[in-house]
C-alpha cells in the first residue's frame with residue numbers, strides 16, 4: 001500500500017496503518033505500507049521517469065518494498081527514514097513555493113508603487129548563477145496544492161504549540177492579491193473617467209496556471225466574483241476552459257465565520273446575507289478573441305498566460321490591458337496601441 005496524496009505528517013502511520021491492522025492484517029507479513037509524494041507538474045513536458053521519487057516506509061521492510069517498486073518506474077529513488085519524513089518533504093516543497101510566491105507578489109506591489117518594472121528586476125537578478133531562484137508575480141496562488149497543502153503543516157504545527165508565521169503571512173499576501181488586481185482595474189478605469197460599475201471587462205485566461213485547464217482555487221474566480229459584485233459586466237476567453245462552472249463556497253469570503261457571541265460564551269455560526277450581484281454558483285462560457293471583442297471591452301484583464309493566445313493582437317486592439325502574467329513581451333508593449341498596466 002503506497003499513499004501518494006499530499007496530507008499532514010502522520011497520516012500514513014496514524015490513519016492508514018490502524019485501519020489496515022483493524023482488518024487483521026499484519027504489517028510486513030500481509031502488507032507493506034509506505035508514503036511517496038506525487039511530484040507531477042501540470043502543464044510541464046518533463047518526463048515522469050526523470051522525476052526522482054521520495055519514499056518513506058512505516059518499517060524498513062515496507063521501505064525496501066516501495067523502493068523495489070519505484071526503481072522499475074523512475075531513474076532515481078531517494079529513501080528517507082520513515083513515512084512522516086516523506087509526507088513532510090511534499091509539504092516543504094509546496095511551502096517553499098507558497099512563501100516565495102507571497103514574497104514576489106509583495107515585491108511586485110512594492111515595485112508598482114515605486115514605478116519600477118518588477119519583471120525587469122527579477123530577470124536581471126536571475127542572471128546571478130548562485131543564491132537566487134526566480135519567481136514571478138501573479139494574481140494569487142491557485143491550484144489544489146500550493147494554496148492548501150502548507151496549511152496542513154501549519155495545522156499540525158499548531159497541535160504542537162508552534163505557529164508557522166511564514167506560512168500564515170504568505171497565505172495572507174496571496175489571498176489578498178485578487179483584491180489588489182481589482183484595485184488595479186478600478187484605477188485603470190478611473191484614468192479613463194469610467195467606473196467598474198457597468199464596465200465591460202474581458203478576462204483572458206481563467207485557469208490557475210499557464211497552459212493547463214485546471215480552475216481549482218484559481219484567482220480568476222475570486223477576481224471575477226469581486227468585479228461582478230461591484231457591477232462589472234464580465235466575459236472571458238480561455239482556449240483550455242470552454243466553460244467556467246464554479247462554486248464560491250471554497251473561498252474565504254464565503255466560509256461561515258465562527259465567533260463568540262457577546263451575550264453567551266459559546267461558538268455560533270453567523271448568518272450570512274448574500275448581495276444580489278453575487279451568486280454562490282455560476283457558469284460562464286468562453287467567447288472568441290477577435291478584434292471586435294477586444295475593441296468593445298473597456299478593459300482586458302490577463303490572468304493566465306496560455307501559448308495559444310495572440311497577446312500581440314490584444315495589445316493592438318484593446319483599449320486598456322491589465323497584464324498580471326507578463327504575457328505581453330517588451331516588444332509587444334512597445335508597439336501596443338493599448339495602455340498597458342503591468343502587475
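The values are calculated or read from the model by the stated rules, or taken from the named source; none is laboratory data. Values in this document were obtained by computation on a predicted structure and should not be read as measured data. Positions of Cβ are backbone-derived with ideal geometry, glycine not excepted, and every protein chain shown enters the neighbour counts.
Does segment 118-135 include one or more residues that are in contact with a helix residue (DSSP H, G or I) (Cβ under 6 Å, 6 or more places away or on another chain), surrounded by fewer than 20 Cβ atoms within 10 Å (Cβ to Cβ), outside the structural domain of residue 221 (by TED's automatic domain parsing) and modelled with pLDDT of 95 or more?
Within segment 118-135 (the criterion being in contact with a helix residue (DSSP H, G or I) (Cβ under 6 Å, 6 or more places away or on another chain), surrounded by fewer than 20 Cβ atoms within 10 Å (Cβ to Cβ), outside the structural domain of residue 221 (by TED's automatic domain parsing) and modelled with pLDDT of 95 or more), the answer is no, since none of the residues qualifies.
One line per residue, one yes/no per condition, for (1) over 30 Å from residue 306 (Cα atoms); (2) touching a helix residue (DSSP H, G or I) at 6+ places or on another chain (Cβ under 7 Å); (3) assigned to a strand (DSSP E or B):
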residue	(1), (2), (3)
14	yes, no, no
21	yes, no, no
29	yes, no, no
38	no, no, no
41	no, no, no
49	no, no, no
56	yes, yes, yes
62	yes, no, no
66	yes, no, no
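Restricting attention to segment 171-188, does a residue exist that is in a loop (DSSP other than H, G, I, E, B) and surrounded by 15 or more Cβ atoms within 10 Å (Cβ to Cβ)?
The answer is no, given that none of the residues of segment 171-188 is in a loop (DSSP other than H, G, I, E, B) and surrounded by 15 or more Cβ atoms within 10 Å (Cβ to Cβ).
I'm checking my understanding of the structure. Among residues of segment 298-309 that are closer than 17 Å to residue 238 by Cα and in contact with a helix residue (DSSP H, G or I) (Cβ under 9 Å, 6 or more places away or on another chain), which one is surrounded by the fewest Cβ atoms within 10 Å (Cβ to Cβ)?
305
Does any residue of segment 136-144 turn out to be more than 16 Å from the chain's Cα centre (by Cα), under 28 Å from residue 206 (Cα atoms) and not assigned by TED's automatic domain parsing to the domain that holds residue 33?
No, segment 136-144 has no match at all.
Do we have any residue at all in segment 71-81 that's surrounded by fewer than 19 Cβ atoms within 10 Å (Cβ to Cβ), in contact (Cβ under 8 Å) with a residue 60 or more places away in the chain and not assigned by TED's automatic domain parsing to the domain that holds residue 145?
The answer is no, given that none of the residues of segment 71-81 is surrounded by fewer than 19 Cβ atoms within 10 Å (Cβ to Cβ), in contact (Cβ under 8 Å) with a residue 60 or more places away in the chain and not assigned by TED's automatic domain parsing to the domain that holds residue 145.
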